[in-house]
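Worksheet for the structure shown next.
The values are calculated or read from the model by the stated rules, or taken from the named source; none is laboratory data. The structure displayed is predicted, hence computed values, not measured ones. Every residue, glycine among them, receives a Cβ derived from its backbone with ideal geometry; neighbour counts consider all protein chains shown.
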Amino acid sequence: MTVVFKKTPVLRDVPLHYCPGCGHGIVHRMVAEVIEELGIQDKCAGVAPVGCAVFAYNYFEVDMYEAAHGRAPAVATGFKRVHPDHYIFTYQGDGDLASIGTAEIVHAAHRGEKITTIFINNAIYGMTGGQMAPTTLVGQKTTTSPLGRDKDHCGEPIRMAEMLATINGSAFIARCALNSTPNLIKTKAAIKKAFETQIARKGFSMVEILSPCPTNWGKSPAEAMDWIADAMIPYYPLGTFKEV
Amino acid sequence: MVERNLFAGFGGQGVLLMGQLLAQAGMMEGKNTTWVPSYGPEMRGGTANCSVTLSDQEIDSPLVTVPTALVAMNRPSLEKFEKTVAPGGSIFVNSSIVDIKVQRTDVNAYYVPCNEIAAELGNDKVSNMIMLGAYLGKSKCVEIETILEALLEKLGQKKAKLIPLNREALLKGAECVK
Amino acid sequence: MAKKLMKGCEAIAEAAIQAGCRYFFGYPITPQNDIPEYMSLRLPQVGGCFLQAESELAAINMVYGAGGAGARVMTSSSSPGISLKQEGISTCAAAEIPCVVVNMMRGGPGLGNIQASQGDYFQAVKGGGHGDYHLIVYAPSSIQEACDMMQKAFDVADQYRTPVMILADGLIGQMMEPVELKTNPDLVLPEKPWAATGYTPGGKKPRSVLNSLYIETEDLDQLLERLFARYAVIEANEQMWETYNTEGAEYILCAYGTVARVCKAAIRILGEQGIKVGLVRPISLWPFPSKAVHDAIVQDSVKEALTVEVSSGQMVEDVRLAVNGERPVQFMGKAGSYIPTAEEIAERILQMRRG
């Protein structure tokens, strides 16, 4: 019988806990497939964040750390300095990376730390129940911006990819989205490029991924994909911001 | 034998170095020694100081609160620490810039014009070594040659040419208190 | 090896290297900067890595990463910086990461001052971060002891898979004493099959999961049972203390760190007056040497005990618990980095004697 699809062995055979329509499962699979395709499973470790992906250490079939909120890039730095010939990725959400962990991510990039960061931007805090994130769009209603985000009160959403691309130590910075098949293909290609950047020891690499959160957005999975296209991409343009 | 010394002066007068050389030389001669830089509220008021204890026995407290010898490189140091010196102890005063005298009568006071002698030697920077020489001339707790060995270790061979000048400064200081 | 006159901070750093430490992550704060400065020069010479982190938070999490990767790793800081590290220290305790944290205590609370202090005793021994855990805490009173302690600290950290703290007052870091650094060229580091060193499915080494999250109650219970069973072993085997002049003493002083040496000077002064006073000095602050402290104080000749600290009274609580009311335990000390002098301590004993 012809095999038309096979789950990558870098994803463990356990059920994921994510909500229906969530983007994490898609990105997990892409990351795992890239690790498999690059043949680095035995030399790769990952760092799970605090956020919806907190249990990612149960899902990837590699050595895993669980880091405190925002600290994944520092933990990855510690690992990488001990094992410079191994590979490590951090997997972080927008509260983790763009709020509490800004110092860690900026300075990992600043040092040109040879690590890869997968940054899930879904414009909201998922696990704690839909609070406003630094990436929440102006006017977007969350449990801590019930009337919609007011830019005069709490600023405008932060664009991490653009910001990190300005840092010399960044070697590959891209933003992708999960809302369409072409964008899925581009996302996986960017993740692969990011790992290749690490393997080539060029510097820090990050892929920001616009990802749906139907549960906290109060939308169906299909509507959530449309919202990425209609609301997020206009503010968060897709593309490669840095490549050396 | 236990010597509890307090070296005090302005920052930049080489007070900490004086103490370090004494501690290093003491160690080289097999003594127990501790060197403690300025600590506590005594840091306030224009003095940098260090305490050096030398002993044949294990040293209990490294803090010198009742010194057996006080080296006062400037006036605030003398004013502040004169009262702390142990009865029968010694006070060495840099008389080049300290224009007052030791008031106590139960201690031995020595006046050393460090800056003038240094000027005679052609190098202002050795005034601390002149004072250290004076201190050693009285306490005799380590040999001047050991101080020079300690200094050589500190300076490194590249600056070994400075040793004769420092030897002269130490000897001049010692002569001062004869 | 010949003795060398060294500043405490530098001696501690070199001793760590001799103990196999190859990674240091830190952030500048007075008065411990000589440790990172020394490490930045020395670690590359021995094939290690020094990194100045962007914050204390980042530094301790780098320690987590490196310790989890199987390396001997340390960080150092001083009181306000140690407060920032508590998140990571709690994480390392839960994730069972061996590492060494040096705290050169300065005055607090808040930014406090930069002088020697002992105000972080509670933070160190009662769990400075959140949750139920302990650190092994050692308090050196001389530079030689601090050096010898570094080897011990790395060894017990690995043995028990726990963070170890060296709790020193700033004085230990800044003063100089002759030290004999023990080199250990044949040092063999223990195997760490649990560490993240690369995982091959079906291979010998299990997949590493270094984690402090145990969302199911029974899972967290299991972790805590495991940790506390280990803590019981540590309490039974790892207590360290010194007694000095205690037998038949009339009064017993209790102090740790440099202050204990000042107490010895007070004992000398009182001895010259024919008054016999002894000292019991906890070296491991956790596990606290309760029995040794009890036995030193609760003997027929002893009237009272006096705990001396550079704090408003922290360790004194553990001393009183150890003595359990069998003798009065008085306290002498002030926060704000004021180290009592030997003369003041002696005077206090004379006062107690007068009643």
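The figures follow:
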| item | result |
| --- | --- |
| Residue satisfying all of: in the stretch B:1-27; under 17 Å from B:Val64 (Cβ atoms) and among the polar types (S, T, N, Q); surrounded by the fewest Cβ atoms within 10 Å (Cβ to Cβ) among these | B:Gln20 |
| Search result, residues across the stretch C:31-69 that are in a loop (DSSP other than H, G, I, E, B), facing chain A (nearest Cβ under 7 Å) and closer than 16 Å to C:Gly20 by Cα | C:Ala69 |
| Scope the stretch A:51-97; condition facing chain C (nearest Cβ under 8 Å), of a type in the set (A, V, I, L, M, F, W, C) and not in a helix (DSSP H, G or I); matching residues | A:Val62, A:Met64, A:Ala67, A:Ala68 |
| Boolean, A:Gly21 is crowded, with 23+ Cβ neighbours inside 10 Å and either within 30 Å of A:Glu223 (Cα to Cα) or within 12 Å of chain C (Cβ to nearest Cβ) (or both) | no |
| Verdict on C:Tyr214 being surrounded by 12 or more Cβ atoms within 10 Å (Cβ to Cβ) and assigned by TED's automatic domain parsing to the domain that holds C:Cys21 | no |
| Any hit, the stretch C:70-88, residues being in a loop (DSSP other than H, G, I, E, B) and either modelled with pLDDT under 95 or on the phi > 0 side of the Ramachandran plot (or both) | yes |
| Yes/no for C:Ile345 being surrounded by 15 or more Cβ atoms within 10 Å (Cβ to Cβ), within 27 Å of B:Pro62 (Cβ to Cβ) and more than 14 Å from every other protein chain (Cβ to nearest Cβ) | no |
| Pairs, first closer than 21 Å to C:Glu343 by Cα and surrounded by 15 or more Cβ atoms within 10 Å (Cβ to Cβ) in the stretch B:74-100, second modelled with pLDDT under 95 and among the charged types (D, E, K, R), C-beta under 8 Å, six or more apart | B:Lys80/B:Glu42 |
| Hits in the stretch C:10-20 - residues which are within 14 Å of chain A (Cβ to nearest Cβ) and buried (at least 24 other Cβ atoms within 10 Å of the Cβ) | none |
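Matching residues to (1) in contact (Cβ under 8 Å) with a residue 24 or more places away in the chain; (2) within 27 Å of A:Thr181 (Cα to Cα); (3) touching a helix residue (DSSP H, G or I) at 6+ places or on another chain (Cβ under 6 Å):
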residue	(1), (2), (3)
A:His24	yes, yes, yes
A:Met30	yes, yes, yes
A:Val34	yes, yes, yes
A:Ala56	yes, yes, no
A:Val75	yes, no, yes
A:Phe79	yes, no, yes
A:Tyr91	yes, yes, yes
